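The values are calculated or read from the model by the stated rules, or taken from the named source; none is laboratory data. Only a predicted model underlies this, so the values are computations on that prediction, with no experimental measurement involved. Heads up, the Cβs are rebuilt from the backbone with ideal geometry, glycines too, and the neighbour counts pull from every protein chain shown.
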Amino acid sequence: MTRSALPLALVFVIPALIAAAAQERDEMPPPEKTEVWEPEPAVVHAGGHGKAPSDAVVLFDGTDLSKWTGRNGAAAWTVADGALTVAPGTGTISTRDSFGDVQLHIEWRTPTEIVGESQGRGNSGVFLMERYEVQVLDSYENRSYSNGQAASIYKQHIPLVNASRAPGEWQTYDIVFMAPRFGSDGSLEHPATMTVLHNGVLVQNHVEIEGPTVFRGQPRYEAHAPKAPIQLQDHGNFVSYRNIWVREL
Ligand code: MG
(Lines give C-alpha, C1' and ligand atoms only; values in the text may rest on other atoms or scores of the structure.)
Protein backbone atom coordinates (compact mmCIF):
# COMPACT_ATOMS: atom_id res chain seq x y z
CA MET A 1 0.00 0.00 0.00
CA THR A 2 1.40 3.38 -0.99
CA ARG A 3 1.54 6.27 1.40
CA SER A 4 -1.47 7.92 -0.27
CA ALA A 5 -3.56 4.69 -0.32
CA LEU A 6 -3.97 4.53 3.45
CA PRO A 7 -5.97 7.78 3.86
CA LEU A 8 -8.08 6.73 0.86
CA ALA A 9 -8.96 3.46 2.64
CA LEU A 10 -9.95 5.41 5.74
CA VAL A 11 -12.16 7.74 3.75
CA PHE A 12 -13.89 5.28 1.43
CA VAL A 13 -13.44 1.61 2.28
CA ILE A 14 -14.09 1.54 6.02
CA PRO A 15 -17.32 3.60 5.88
CA ALA A 16 -18.52 1.31 3.09
CA LEU A 17 -17.90 -1.78 5.27
CA ILE A 18 -19.75 -0.20 8.19
CA ALA A 19 -22.70 0.64 5.93
CA ALA A 20 -22.81 -2.92 4.57
CA ALA A 21 -22.86 -4.37 8.09
CA ALA A 22 -25.68 -2.02 9.10
CA GLN A 23 -27.70 -3.00 6.06
CA GLU A 24 -27.23 -6.71 6.83
CA ARG A 25 -28.39 -6.12 10.41
CA ASP A 26 -31.48 -4.24 9.23
CA GLU A 27 -32.43 -7.11 6.92
CA MET A 28 -32.45 -9.65 9.83
CA PRO A 29 -35.87 -10.28 11.42
CA PRO A 30 -36.42 -8.32 14.65
CA PRO A 31 -35.35 -10.28 17.77
CA GLU A 32 -38.95 -10.27 19.07
CA LYS A 33 -39.84 -12.68 16.23
CA THR A 34 -38.07 -15.51 18.06
CA GLU A 35 -39.35 -14.76 21.59
CA VAL A 36 -41.94 -17.30 22.83
CA TRP A 37 -44.18 -16.08 25.68
CA GLU A 38 -46.84 -18.80 25.88
CA PRO A 39 -47.28 -21.00 27.75
CA GLU A 40 -45.75 -19.41 30.81
CA PRO A 41 -44.22 -22.07 33.11
CA ALA A 42 -46.08 -22.43 36.41
CA VAL A 43 -44.30 -21.03 39.43
CA VAL A 44 -42.94 -23.79 41.69
CA HIS A 45 -41.18 -23.11 44.96
CA ALA A 46 -38.15 -25.32 44.62
CA GLY A 47 -37.78 -26.62 48.17
CA GLY A 48 -34.32 -28.05 48.85
CA HIS A 49 -32.62 -28.64 52.21
CA GLY A 50 -34.91 -31.59 52.89
CA LYS A 51 -38.06 -29.85 51.61
CA ALA A 52 -40.08 -30.99 48.61
CA PRO A 53 -40.92 -28.64 45.74
CA SER A 54 -44.34 -27.00 46.12
CA ASP A 55 -45.97 -29.12 43.39
CA ALA A 56 -44.66 -32.48 44.64
CA VAL A 57 -46.64 -35.30 46.23
CA VAL A 58 -44.89 -36.06 49.51
CA LEU A 59 -44.79 -39.82 50.04
CA PHE A 60 -42.92 -39.75 53.34
CA ASP A 61 -42.24 -36.65 55.41
CA GLY A 62 -40.67 -38.41 58.37
CA THR A 63 -43.80 -38.89 60.44
CA ASP A 64 -45.95 -41.78 59.23
CA LEU A 65 -46.60 -44.42 56.56
CA SER A 66 -50.12 -43.30 55.67
CA LYS A 67 -49.21 -43.11 51.97
CA TRP A 68 -48.00 -46.74 51.95
CA THR A 69 -49.42 -50.23 52.14
CA GLY A 70 -47.82 -53.56 52.98
CA ARG A 71 -48.37 -57.23 52.42
CA ASN A 72 -51.25 -57.46 54.91
CA GLY A 73 -52.68 -53.97 54.53
CA ALA A 74 -50.80 -51.34 56.51
CA ALA A 75 -47.07 -51.02 55.86
CA ALA A 76 -45.25 -52.62 58.79
CA TRP A 77 -41.86 -50.92 58.49
CA THR A 78 -40.45 -48.93 61.41
CA VAL A 79 -40.79 -45.14 61.62
CA ALA A 80 -38.34 -43.42 63.99
CA ASP A 81 -36.26 -40.24 64.03
CA GLY A 82 -37.74 -39.00 60.76
CA ALA A 83 -36.84 -42.13 58.82
CA LEU A 84 -38.56 -45.36 57.87
CA THR A 85 -36.60 -48.57 58.07
CA VAL A 86 -37.17 -51.99 56.58
CA ALA A 87 -38.62 -54.42 59.10
CA PRO A 88 -37.06 -57.58 57.64
CA GLY A 89 -39.56 -60.26 56.79
CA THR A 90 -42.58 -57.93 56.66
CA GLY A 91 -42.33 -57.56 52.89
CA THR A 92 -42.03 -54.90 50.27
CA ILE A 93 -44.14 -51.74 50.74
CA SER A 94 -46.11 -49.91 48.02
CA THR A 95 -47.55 -46.45 47.61
CA ARG A 96 -51.35 -46.29 47.86
CA ASP A 97 -51.39 -44.08 44.78
CA SER A 98 -50.26 -45.12 41.33
CA PHE A 99 -47.83 -43.21 39.13
CA GLY A 100 -46.61 -43.26 35.54
CA ASP A 101 -44.07 -40.68 34.34
CA VAL A 102 -42.39 -39.17 37.39
CA GLN A 103 -39.53 -37.30 38.91
CA LEU A 104 -38.79 -39.12 42.17
CA HIS A 105 -36.56 -37.96 45.01
CA ILE A 106 -35.66 -40.43 47.72
CA GLU A 107 -32.97 -40.54 50.39
CA TRP A 108 -31.61 -43.79 51.77
CA ARG A 109 -29.07 -45.10 54.23
CA THR A 110 -27.53 -48.50 54.73
CA PRO A 111 -26.66 -49.73 58.25
CA THR A 112 -23.47 -48.47 59.89
CA GLU A 113 -22.80 -51.93 61.22
CA ILE A 114 -21.61 -53.88 58.23
CA VAL A 115 -23.24 -57.28 57.89
CA GLY A 116 -22.67 -59.52 54.88
CA GLU A 117 -20.99 -58.82 51.58
CA SER A 118 -21.82 -58.31 47.91
CA GLN A 119 -25.63 -58.45 47.49
CA GLY A 120 -26.12 -59.28 51.17
CA ARG A 121 -25.03 -55.87 52.42
CA GLY A 122 -27.58 -53.06 52.70
CA ASN A 123 -29.76 -54.45 49.94
CA SER A 124 -33.11 -52.88 49.15
CA GLY A 125 -34.50 -51.26 46.02
CA VAL A 126 -36.75 -48.62 44.55
CA PHE A 127 -39.25 -50.10 42.12
CA LEU A 128 -41.00 -47.83 39.64
CA MET A 129 -44.41 -49.13 38.61
CA GLU A 130 -43.89 -52.24 40.82
CA ARG A 131 -41.50 -53.57 38.17
CA TYR A 132 -38.45 -51.53 37.30
CA GLU A 133 -35.80 -51.55 40.04
CA VAL A 134 -33.14 -49.01 40.80
CA GLN A 135 -30.90 -51.01 43.10
CA VAL A 136 -30.20 -49.86 46.64
CA LEU A 137 -27.08 -51.49 48.03
CA ASP A 138 -24.09 -50.66 50.21
CA SER A 139 -21.60 -50.39 47.33
CA TYR A 140 -18.98 -48.53 49.36
CA GLU A 141 -15.87 -50.70 49.17
CA ASN A 142 -18.17 -53.66 48.60
CA ARG A 143 -17.71 -55.29 45.21
CA SER A 144 -20.63 -57.06 43.64
CA TYR A 145 -21.59 -57.65 40.02
CA SER A 146 -21.62 -54.26 38.29
CA ASN A 147 -25.17 -54.49 36.98
CA GLY A 148 -26.35 -55.22 40.52
CA GLN A 149 -24.48 -52.57 42.50
CA ALA A 150 -26.02 -49.38 43.92
CA ALA A 151 -27.65 -47.16 41.27
CA SER A 152 -27.74 -49.95 38.71
CA ILE A 153 -30.97 -50.64 36.90
CA TYR A 154 -30.87 -54.11 38.35
CA LYS A 155 -29.41 -56.67 35.90
CA GLN A 156 -29.89 -54.20 33.02
CA HIS A 157 -27.72 -51.09 33.26
CA ILE A 158 -24.40 -50.58 35.07
CA PRO A 159 -24.12 -47.13 36.72
CA LEU A 160 -21.72 -44.77 34.91
CA VAL A 161 -19.73 -44.31 38.13
CA ASN A 162 -19.89 -45.48 41.74
CA ALA A 163 -20.97 -42.38 43.72
CA SER A 164 -21.65 -44.32 46.94
CA ARG A 165 -21.19 -42.81 50.37
CA ALA A 166 -20.06 -44.83 53.36
CA PRO A 167 -22.50 -47.00 55.33
CA GLY A 168 -24.54 -44.93 57.79
CA GLU A 169 -24.45 -41.80 55.62
CA TRP A 170 -27.59 -40.54 53.91
CA GLN A 171 -27.55 -40.81 50.13
CA THR A 172 -29.92 -39.47 47.49
CA TYR A 173 -31.47 -40.72 44.30
CA ASP A 174 -33.11 -38.32 41.89
CA ILE A 175 -34.86 -40.34 39.23
CA VAL A 176 -36.63 -39.27 36.05
CA PHE A 177 -38.73 -42.20 34.90
CA MET A 178 -40.80 -42.33 31.74
CA ALA A 179 -43.27 -45.22 31.68
CA PRO A 180 -43.35 -47.64 28.75
CA ARG A 181 -46.06 -47.14 26.15
CA PHE A 182 -48.13 -50.04 24.85
CA GLY A 183 -50.40 -50.22 21.83
CA SER A 184 -54.07 -51.27 22.12
CA ASP A 185 -53.01 -54.77 21.08
CA GLY A 186 -50.54 -54.90 23.98
CA SER A 187 -47.44 -54.51 21.84
CA LEU A 188 -44.59 -52.33 23.09
CA GLU A 189 -44.59 -48.93 21.38
CA HIS A 190 -41.85 -47.37 23.47
CA PRO A 191 -39.77 -48.82 26.29
CA ALA A 192 -39.51 -47.12 29.68
CA THR A 193 -36.53 -44.82 30.16
CA MET A 194 -34.66 -43.74 33.27
CA THR A 195 -32.23 -41.03 34.25
CA VAL A 196 -30.71 -41.32 37.73
CA LEU A 197 -28.53 -39.02 39.80
CA HIS A 198 -26.87 -40.65 42.81
CA ASN A 199 -25.79 -38.08 45.39
CA GLY A 200 -26.10 -35.48 42.64
CA VAL A 201 -23.87 -37.42 40.23
CA LEU A 202 -25.31 -38.63 36.91
CA VAL A 203 -25.21 -42.43 36.94
CA GLN A 204 -27.93 -43.41 34.44
CA ASN A 205 -28.31 -41.17 31.41
CA HIS A 206 -31.73 -41.71 29.85
CA VAL A 207 -31.27 -45.46 29.51
CA GLU A 208 -33.88 -47.69 27.92
CA ILE A 209 -35.38 -50.27 30.24
CA GLU A 210 -35.48 -53.75 28.72
CA GLY A 211 -38.51 -54.93 30.69
CA PRO A 212 -39.52 -55.68 34.28
CA THR A 213 -36.60 -56.46 36.62
CA VAL A 214 -35.92 -60.17 36.86
CA PHE A 215 -33.43 -62.06 39.03
CA ARG A 216 -33.02 -64.94 36.58
CA GLY A 217 -33.21 -64.90 32.80
CA GLN A 218 -33.95 -62.04 30.45
CA PRO A 219 -36.49 -59.25 31.03
CA ARG A 220 -39.51 -59.17 28.75
CA TYR A 221 -42.25 -56.56 28.55
CA GLU A 222 -45.87 -57.38 29.13
CA ALA A 223 -48.48 -54.65 28.71
CA HIS A 224 -49.62 -53.10 31.99
CA ALA A 225 -51.68 -50.16 33.25
CA PRO A 226 -50.32 -46.65 32.53
CA LYS A 227 -49.91 -46.06 36.28
CA ALA A 228 -48.79 -48.35 39.11
CA PRO A 229 -47.46 -47.99 42.67
CA ILE A 230 -43.87 -47.20 43.61
CA GLN A 231 -42.37 -49.89 45.85
CA LEU A 232 -39.54 -50.18 48.33
CA GLN A 233 -37.99 -53.61 48.66
CA ASP A 234 -37.59 -55.70 51.79
CA HIS A 235 -34.42 -57.64 51.04
CA GLY A 236 -33.81 -58.55 54.68
CA ASN A 237 -31.47 -55.65 55.53
CA PHE A 238 -32.15 -52.66 57.81
CA VAL A 239 -32.07 -50.02 55.08
CA SER A 240 -33.68 -46.66 55.95
CA TYR A 241 -35.45 -44.07 53.80
CA ARG A 242 -36.51 -40.46 54.29
CA ASN A 243 -37.68 -37.37 52.43
CA ILE A 244 -39.53 -39.17 49.62
CA TRP A 245 -41.43 -37.07 47.12
CA VAL A 246 -42.63 -37.44 43.58
CA ARG A 247 -43.68 -35.04 40.82
CA GLU A 248 -45.93 -36.41 38.12
CA LEU A 249 -44.70 -35.41 34.68
MG1 MG B 1 -32.49 -54.83 45.63
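Quick test of your reading of the structure: residue 24 fulfils all but one of (1) exposed (fewer than 10 other Cβ atoms within 10 Å of the Cβ); (2) within 23 Å of the chain's Cα centre (by Cα). Name the failing condition by number.
Going through the list (1) exposed (fewer than 10 other Cβ atoms within 10 Å of the Cβ); (2) within 23 Å of the chain's Cα centre (by Cα), residue 24 breaks only (2).
Tally the residues that are in a helix (DSSP H, G or I) and surrounded by 10 or more Cβ atoms within 10 Å (Cβ to Cβ), restricting the search to region 27-47.
0
Can you tell me which residue within region 48-72, out of those that are in a loop (DSSP other than H, G, I, E, B) and modelled with pLDDT under 95, is farthest from residue 234 (Cα to Cα)?
Only one residue fits best here, namely 49.
Out of region 89-126, which residues are part of a loop (DSSP other than H, G, I, E, B), within 15 Å of the ligand (Cβ to nearest atom) and under 21 Å from the mean Cα position of the chain (by Cα)?
92, 110, 122, 123
Please list, ordered by first then second residue, the pairs with beta carbon atoms under 6 Å, 6 or more apart or interchain, first in region 116-141 and free of Cβ contacts under 8 Å to residues at least 24 places away in the same chain, second within 11 Å of the ligand (Cβ to nearest atom) and of a type in the set (S, T, N, Q).
135/152
Taking only region 190-249 into account, find how many residues are of a type in the set (D, E, K, R), in a loop (DSSP other than H, G, I, E, B) and surrounded by 18 or more Cβ atoms within 10 Å (Cβ to Cβ).
Of the residues in that region, 2 qualify.
Filter region 93-142 down to residues that are at pLDDT 95 or above, of a type in the set (Ser, Thr, Tyr) and closer than 16 Å to residue 162 by Cα and give me whichever is surrounded by the fewest Cβ atoms within 10 Å (Cβ to Cβ).
My answer is 140.
Limited to region 209-249, what total is found for residues that are more than 15 Å from the ligand (Cβ to nearest atom) and closer than 23 Å to residue 139 by Cα?
Summing the residues that are more than 15 Å from the ligand (Cβ to nearest atom) and closer than 23 Å to residue 139 by Cα in region 209-249 gives 4.
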